[in-house]
1. Taking the options A:206, A:171, name whichever one is surrounded by fewer than 23 Cβ atoms within 10 Å (Cβ to Cβ) and in contact (Cβ under 8 Å) with a residue 60 or more places away in the chain.
2. On the basis of being surrounded by 22 or more Cβ atoms within 10 Å (Cβ to Cβ) and assigned to a loop (DSSP other than H, G, I, E, B), does residue A:160 make the cut?
3. It is to be established whether one or more residues within region B:177-187 are within 10 Å of chain A (Cβ to nearest Cβ), touching a helix residue (DSSP H, G or I) at 6+ places or on another chain (Cβ under 8 Å) and over 21 Å from residue A:122 (Cβ atoms).
4. Mind listing whichever residues of region A:34-53 are in contact (Cβ under 8 Å) with a residue 12 or more places away in the chain, crowded, with 20+ Cβ neighbours inside 10 Å and either more than 11 Å from residue A:88 (Cβ to Cβ) or more than 14 Å from chain B (Cβ to nearest Cβ) (or both)?
5. Being more than 7 Å from every other protein chain (Cβ to nearest Cβ) and within 23 Å of residue B:36 (Cβ to Cβ): is that true of residue A:163 here?
6. Does residue B:245 count as surrounded by fewer than 19 Cβ atoms within 10 Å (Cβ to Cβ), within 14 Å of another protein chain (Cβ to nearest Cβ) and modelled with pLDDT under 90?
7. Does at least one position in region B:97-104 carry a residue that is more than 20 Å from residue A:112 (Cβ to Cβ) and at the interface with chain A (Cβ under 10 Å from one of its Cβ atoms)?
8. If you check A:212, A:227, which single one turns out to be within 15 Å of residue A:258 (Cα to Cα) and either in contact with a helix residue (DSSP H, G or I) (Cβ under 8 Å, 6 or more places away or on another chain) or away from chain B (no Cβ under 14 Å) (or both)?
């Protein structure tokens, strides 16, 4: 049984109030999802990166998507937490010396700088495994069919056909400044886009969305995923290290292909805005219920870090 | 619907015939589970380690356990393949320079020696994610409830409360020759035992085992898991590199605590035999249906590599 929570949305949606309400709920849920335990090191390492703050954009998208279809926050919160666990795992592994070799993340030392490479690898593995355990055991008031479907979607978004595949092509493209826009788009659709899409889609699956609804939400998520990455590339050039909380200018140093490099800064910003406008329009038919997701789409292009 | 396949077991169970029948079925299922794809590198890397041979003990245990409860091979084969994917992922990550730093596995170069550390980390991540996708999407003729329960059990066996936790305590115990038998047992119950137990338990869950049956099978698996590790420690001392297909004598070099070091070779062998005898006795009430699992238990202690 789903406990249905209605939230009214006035004509001018107050995203700040919305985020201010949701953020502590998500933080508390994440903190409760993985408690300290034995062996201390691995639980500390997982919690260190999972609870390192951040915008919690993925859980937010998942909650807002579930809400749009009419599902309850309680029923989707374990899924939302699992998505943040998967995202955290991908950051921990991406930051490893054998990968992007980054020392800072969200203004803090990266996991392997604190706990060592071995524990960082295992912390990622532990978070990935636990994300599935958490969904499977903690989701309440949703049929097993739906939970299974959401698990399948999330797992695909993580694997070789999702973020792992995107990361591989990204690694292979490093030092090749002449890669095509198709390759760049492949990288981002998989490395960033697949998981963002999973957030929106899995939230809706748990709430019982129809295939037609899932398709619309999927298209919405595709657009904001790509816009998100374009903005990321722009920020790597225009933002300072203090704003980003991680090393700025990494892409240029690493000779990575980026959208601003292919299109220039202004055209990149225009493309991102266009993708977001399209995304918001796709959800128009859902009426006021779509306001949180639409506002989150704007938030993605307006962000400073 | 499960297509039920009856196999008759004569009084003297012919394990060689059983393994000879099952092995090619498992190999074919694994080969079909992950086909080559784009990006080539990651699919090649995953297939390189997944299809590197080995005894396929984990899928064998899963199939035999499902069969004992009366489930069909078809319904459990995706689970059996997923268990081998998870096992392969743990080997790839364990072999990394930041972990055990091993160059050979099953007589072949380890994954990172062939594909590089970055791809090896991602191949492990890809296999882990795919194992859950594969169970969730490919399991046929089993209720979603059961599939979800099996996924939860497998995920727990992999995470910080399972093989990841065991690996952490193992890493922390290196160079400490005076660790207790309790710590050593914790390591092995988690690093090796948890996944072996998941094989037996998940096969039985999919077949619809009762809680009482699961408890018996769990105890059986606990015993053979521990026996398996004791034999592994013994073989590290007594077997040659050619027999093992990996570097022999690694434990002594790494100053790892082992059962032979704690108990001596003879007592270690006696303990392993005792655990296996107990394990076989636990399954006695299942009659002839238990013969494959019982024979696999013997196989574990008699193996030469």
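1. Working: A:206 fails: surrounded by fewer than 23 Cβ atoms within 10 Å (Cβ to Cβ).
None of the other options fit; the residue is A:171.
2. Details: surrounded by 22 or more Cβ atoms within 10 Å (Cβ to Cβ): yes; assigned to a loop (DSSP other than H, G, I, E, B): yes.
Answer is yes for this residue.
3. No, every residue in region B:177-187 fails to be within 10 Å of chain A (Cβ to nearest Cβ), touching a helix residue (DSSP H, G or I) at 6+ places or on another chain (Cβ under 8 Å) and over 21 Å from residue A:122 (Cβ atoms).
4. Residues satisfying the conditions are A:41, A:42.
5. On the way: more than 7 Å from every other protein chain (Cβ to nearest Cβ): yes; within 23 Å of residue B:36 (Cβ to Cβ): yes.
Taking the combined requirement at face value, the residue satisfies it.
6. Working: surrounded by fewer than 19 Cβ atoms within 10 Å (Cβ to Cβ): yes; within 14 Å of another protein chain (Cβ to nearest Cβ): no; modelled with pLDDT under 90: yes.
Spelling it out, it is not the case that residue B:245 is surrounded by fewer than 19 Cβ atoms within 10 Å (Cβ to Cβ), within 14 Å of another protein chain (Cβ to nearest Cβ) and modelled with pLDDT under 90.
7. no
8. On the way: A:212 fails: within 15 Å of residue A:258 (Cα to Cα).
Unique residue meeting the criteria: A:227.
The values are calculated or read from the model by the stated rules, or taken from the named source; none is laboratory data. Because the structure is a prediction, the values reported are computed rather than measured. When we count neighbours, we look across all protein chains shown, and the Cβ atoms used for this are built from the backbone with ideal geometry, even at glycine.
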